[in-house]
Amino acid sequence: MMQLFRKDRMWTPRPLKSRYDVVIIGAGVHGLATAYYLTKLGITDIAVLDKSYIGAGASARSTAILRANYITAEGIPFFRESLKLYETLSQDLDFNLMFDQMGRLDLGHTDSAVYGLRVRAEFNQMLGVDSSIIGPDEIKDLVPAINLRTGQTLPIMAALYHPPAGTIRHDAVVWAYGRGADHGGAQIHPFTEVTGFLRDGNRVTGVQTPVGPIHAGTVLSATAGWSSTIAAMLGIKIPIVTHPLQAMVTEPLKPFIDKTLSSANLHVYVYQTDRGEVVIGGGVDPYPSYSHRSTLHQMQDLAAHVLEMLPCLREVKVMRQWTGLCDMSPDYAPIMGPLDGIEGFYMTAGWGTWGFKAGPIGGKSMAEFIVTGKTPDLIKHFGLDRFRTGRLVNERAAAPAAAIH
Amino acid sequence: MAFLIPCPNCGERGVTEFRFGGEVNPRPAPSASSDEWTSYFYRRGNTSGLQTEWWYHRYGCRKWFLAKRDTTTNQVTETRWP
Ligand SMILES: Cc1cc2nc3c(=O)[nH]c(=O)nc-3n(C[C@H](O)[C@H](O)[C@H](O)COP(=O)(O)OP(=O)(O)OC[C@H]3O[C@@H](n4cnc5c(N)ncnc54)[C@H](O)[C@@H]3O)c2cc1C
Ligand SMILES: [Zn+2]
């Protein structure tokens with residue numbers, strides 16, 4: 001019905017061709033951003049295929065916290081550039097993405113956690129990211145509702161304050177990249193599942209779908225939690241394990257908190273949306289799964305943990321709970337580039353619980369990679385070969401206890 | 001409960017009593033090539049469907065066992081001692 005009254009469609013359904021210069025598997029933020037930036041680089045003969053609707057994967061389920069206060073020399077510049085692209089993305093894509101740079105506090109409740117936050121502050125400042133350590137008084141000033149837990153277990157000792165962090169409307173980002181890619185000439189094909197590959201020896205020459213083969217000069221997999229199933233079609237095992245991540249949202253409340261708060265010690269993160277709802281998330285489920293079912297256990301855990309931090313939520317009702325799939329890499333860093341020994345094929349994966357914020361720079365980097373055939377400098381440490389050479393990135397050190405997003 | 005696992009010793013118990021121990025991934029011989037060691041440390045099948053994996057009954061008999069689980073539904077179809 002809505003379509004009847006809509007003058008301009010977001011993207012135009014077009015008949016599927018039998019060949020494209022580039023076929024992208026997965027219409028989440030990474031697949032669609034790559035398509036958009038490819039059109040900017042002059043590649044327009046593109047199909048983005050998704051087995052479900054646009055943004056059906058983790059992108060539609062993300063709590064969409066954007067930040068750049070990472071811990072490694074490889075990760076910080078990468079996420080810093082993404083945040084920069086996000087800052088002007090509404091204008092660039094001519095779509096209100098409702099990016100709210102509310103700022104963020106990473107709370108430390110133990111000496112070792114505070115030490116970790118200090119290391120991050122130092123690295124962040126050295127690499128041009130606005131981030132510093134503040135004490136309990138300043139924390140209370142910024143977030144009056146917070147329980148500092150003075151004299152209790154896990155008292156809040158300090159926080160890493162990162163003012164440019166924020167949240168964005170995740171669906172809008174996906175749609176706007178889709179519309180931008182479509183306007184640039186790319187085709188978007190939902191409900192078109194890739195079931196196998198066309199190959200000529202070591203070279204991928206296209207994909208197999210239920211509606212027939214599609215030939216391609218280059219194929220990119222941007223399938224996040226499903227990356228291992230794509231790699232398996234090529235007979236390859238990759239360093240990814242798929243874990244469900246759950247989040248939930250409360251009934252709307254009057255505005256009472258305007259920072260995103262995260263506590264690795266309490267396994268929880270929380271912020272209030274413009275609609276007043278309180279979004280609550282934590283760590284991944286402790287076993288891998290491709291199931292999207294949420295659990296009562298995780299809801300209870302999240303509720304218990306958020307109350308340790310914001311006791312004022314005691315009587316508040318939970319409205320919704322949901323689950324998405326996360327492609328966890330061993331070092332919590334992305335895996336971007338070709339797979340060993342296969343030509344004409346790239347993968348962008350390892351986005352785990354943290355990849356929404358990387359959409360713009362991930363897409364831009366992969367587009368550059370595909371066009372030039374050369375690894376862009378910004379992502380040269382994120383190749384799959386690092387697991388062979390032992391040069392892991394160790395973003396994991398930033399979040400020893402879950403709560404990374 | 002998210003799902004139940006039939007411990008070979010204690011019978012069906014909730015998953016929160018157990019600890020996941022990874023998909024079955026045999027350790028290579030000490031003389032194995034570095035590529036085999038890379039596989040052992042990092043490469044995973046991460047199967048969507050039936051997968052054989054290690055589980056530990058942490059809050060029960062504290063024994064390790066093998067389970068066959070459909071990762072798309074979390075249904076455990078078979079458990080046995082290693
Ligand atoms: C609950 C939750 C909260 C999160 N919070 C944050 C956060 O606050 N900040 C942050 O930065 N990140 C967050 N993340 C992570 C982030 O959402 C993801 O890393 C990101 O959205 C991944 O985007 P993507 O485009 O790579 O993959 P996805 O959005 O998962 O898209 C992959 C697509 O591939 C399609 N696909 C799979 N297999 C096939 C096939 N065979 N053929 C065709 N199509 C296929 C799927 O249908 C899917 O649409 C969160 C994730 C979850 C689940
Ligand atoms: Zn038992």
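Screening A:Leu339 on (1) open to solvent by less than 10 Å² (accessible area, probe 1.4 Å); (2) within 14 Å of ligand 1 (Cβ to nearest atom) shows it passes everything except condition (2).
Filter segment B:27-60 for residues that are within 16 Å of ligand 2 (Cβ to nearest atom) and assigned to a strand (DSSP E or B) and give the result. Across segment B:27-60, the qualifying residues are B:Glu53, B:Trp54, B:Trp55, B:Tyr56. The set of residues from segment A:39-66 being over 18 Å from A:Ala172 (Cβ atoms) and either in contact with an Asp or Glu (Cβ under 9 Å, 6 or more places away or on another chain) or open to solvent by 10 Å² or more (accessible area, probe 1.4 Å) (or both) comprises A:Thr39, A:Lys40, A:Leu41, A:Gly42, A:Ile43, A:Thr44, A:Asp45, A:Ile46, A:Leu49, A:Lys51, A:Ser52.
Residues considered: B:Val24, B:Val15. Of these, the only one that is of a type in the set (A, V, I, L, M) and within 16 Å of ligand 2 (Cβ to nearest atom) is B:Val15. Flag set for A:Thr153, criterion: of a type in the set (S, T, N, Q) and under 30 Å from A:Leu266 (Cα atoms).
Are there any pairs with C-beta distances below 6 angstrom linking a residue in segment A:37-65 that is among the charged types (D, E, K, R) to a residue that is away from ligand 2 (no atom under 16 Å from the Cβ) and open to solvent by less than 10 Å² (accessible area, probe 1.4 Å), with the two at least 6 apart or on different chains, and if so which? Listed pairs, sorted by first residue: A:Asp45/A:Tyr20; A:Asp50/A:Ala27; A:Arg61/A:Gly324. Selection of segment B:46-63 for residues being within 16 Å of ligand 1 (Cβ to nearest atom) and polar (S, T, N, Q) yields B:Asn46, B:Thr47, B:Ser48. Please indicate, with yes or no, whether at least one residue in segment A:289-299 is part of a strand (DSSP E or B) and outside the structural domain of A:Gly390 (by TED's automatic domain parsing). So far as segment A:289-299 goes, no, none of its residues is part of a strand (DSSP E or B) and outside the structural domain of A:Gly390 (by TED's automatic domain parsing).
Scanning segment B:41-53 for residues that are away from chain A (no Cβ under 11 Å) and open to solvent by less than 80 Å² (accessible area, probe 1.4 Å) turns up just one, B:Thr52. Residues in segment A:271-301 that are away from chain B (no Cβ under 14 Å) and within 13 Å of A:Gln246 (Cα to Cα) were compared, and the one that is surrounded by the fewest Cβ atoms within 10 Å (Cβ to Cβ) is A:Val279.
The values are calculated or read from the model by the stated rules, or taken from the named source; none is laboratory data. Since the structure is predicted, the reported quantities are computational estimates derived from the model, not experimental observations. Counting neighbours? That spans all protein chains shown, and the Cβs are built from the backbone with ideal geometry, glycine included. Accessible surface is based on the protein model in full, side chains and every heavy atom, while ligands, DNA and RNA are left aside. Shrake-Rupley method; radii C 1.70, N 1.55, O 1.52, S 1.80 Å.
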